[in-house]
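To keep things clear, I will list the structure first and then write my remarks on it.
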Amino acid sequence: MTKKMISWLACMAVFLFTQYSCVHDEIYSSSDPDSKEYRSKSLWKEDEKYIKKVMKIYNEHEKDIKKSSGIPDWDYAMSMGKYDESFMAVPIVENGKVVNTLVCGRFDSKVYFRYENSESNNSFFQGIMFGKYTRYKTGPENNVNSYTQKGIVCITNSISMWYPNNESNPDAGGHWETNYYTNCYSFLDYSSPGWEDNGGGGYDYGDGGDGNNDPNNPDNQNPCEKTRNIVNNPQVKDSLNSLRNYAQNASKKTERGFQQLKSGTLVSGNVNGNNQMYFGIGSSSLGTVHTHQPGTIGIFAPQDIVTFLHIVREQDANDLGNAYSGTVSSVGTYFISFTGTASDLPPAMTDAEEAIYVNNLVIDYIDFTKLLLKKRRKRF
């Protein structure tokens, strides 16, 4: 009987040890930052579909993406209130401490990665993962598109945690500590070289949710981004620099400029007898830039607006926003673009109608300028 009891106890010991080992291994696996398994430990609801797909992309391209020591702890990855497969942040852990955060943003069908190097965002994850708090309160997740700065997305999140003054006596009082996660990013952040230098990106995501817009897709660019692309074109940039130098010369009274064709070719404009630039706008026209010499108004003259509308009318109905016009003067460089539709364009005019229209604009401008000067004199 004693032998049977010892044998039974030995079997139970082996069984219990096996069960403990299995449970221990499972806990270790789910808390190990390098584990390939994903079990969300976030205190919020997360976009787990996006997190799992980004995790897969990272594991496949870790050699190219990784720019920091430490390991992503995917169990604590958070989409910060966004559920359209567009954004997430994951803490980077080394020796039991959050040393960085890796953010993963998707624009159209591409995923981009970047290390934030933000102490406050590190503290946000550090408290959640390793803080010895006994209770917590989560703040509302907030992600907002700023329409005053088109294309900017700002994300905030917060958590307040109660830390006992005496860990062995939780009822002896304590204090609240609040940590915040904040991230504001734009389309240009993803497309600029600096983004790539601090992480990695441009990895195929495949089909998914709405996400953000690809900054490299001209259809998704706002007017300022399109203008920036125009002036950064090497050929246009060189010509602009030449015009800037010319516009600074007070002895030069004749305007100078160029027209860009849809093919990309730049063609010099001609000056008529009234010292006005003539470009010969046609179906191949894309944009024009010319100087306003010292002593004249630096911004667009009424005739410049009329010429610009001619350029817009020569674009395809779906590409009206590609047209542009620019002026270069000693006081600055100005560009305009068209953001409306074909129905927003005023009807085309004959040469005689244009002359009357421009003359009326000049009169209105003079009257308005006089009114402003009169009000300014009264003020002072």
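Filter K45/K67; K49/K110; K110/K226; K41/K97 down to the pairs with a C-alpha to C-alpha distance above 27 Å, please.
Values: K45/K67 29 Å; K49/K110 16 Å; K110/K226 20 Å; K41/K97 17 Å.
Pairs exceeding the cut-off: K45/K67.
Across the alpha-carbon set of segment 294-373, the Rg to Rh ratio works out to 1.01, Rh being the Kirkwood radius. Computed from point charges on the beta carbon alone (+1 for Lys and Arg, -1 for Asp and Glu), the dipole magnitude for segment 63-132 about its Cα centre is near 140 Debye.
With a 10 Å Cβ neighbour count serving as the proxy for reagent exposure, in which order, fewest first, do Y357, Y115 appear? Intermediate results must be reported in sequence, preceding the final value.
Working: Y357 16, Y115 19.
Fewest-to-most Cβ neighbours within 10 Å comes out as Y357, Y115.
Sequentially through segment 227-234, phi angles give Karplus couplings (6.51, -1.76, 1.60; θ = phi - 60°) of 5, 4, 5, 5, 6, 8, 4, x Hz, Gly and Pro residues having no value and appearing as x. What list of ³J(HN,Hα) values in whole Hz, one per residue of segment 159-166 in order, does the Karplus curve 6.51 cos²θ - 1.76 cosθ + 1.60 (θ = phi - 60°) give from phi, with Gly and Pro shown as x? These are the phi-based 3J(HN,Hα) values: 8, 10, 10, 9, 10, x, 5, 10 Hz. Amide H to amide H distances under 5 Å link W44 with no residue, where only residues 5 or more positions off or on other chains count and H is placed in the peptide plane.
Going by neighbour counts of Cβ atoms within 10 Å, the residues M78, M349, M161 line up, fewest first, as M349, M161, M78.
Ranking of H290, H175, H61 by neighbouring Cβ atoms within 10 Å, starting from the fewest: H175, H61, H290.
We did not get these values from a lab; they are worked out from the coordinates using the rules stated. Computed from a prediction, not measured in an experiment: that's the story for all the values here. Note that each Cβ is placed from the backbone with ideal geometry, even for glycine, and that neighbours are counted across all protein chains shown.
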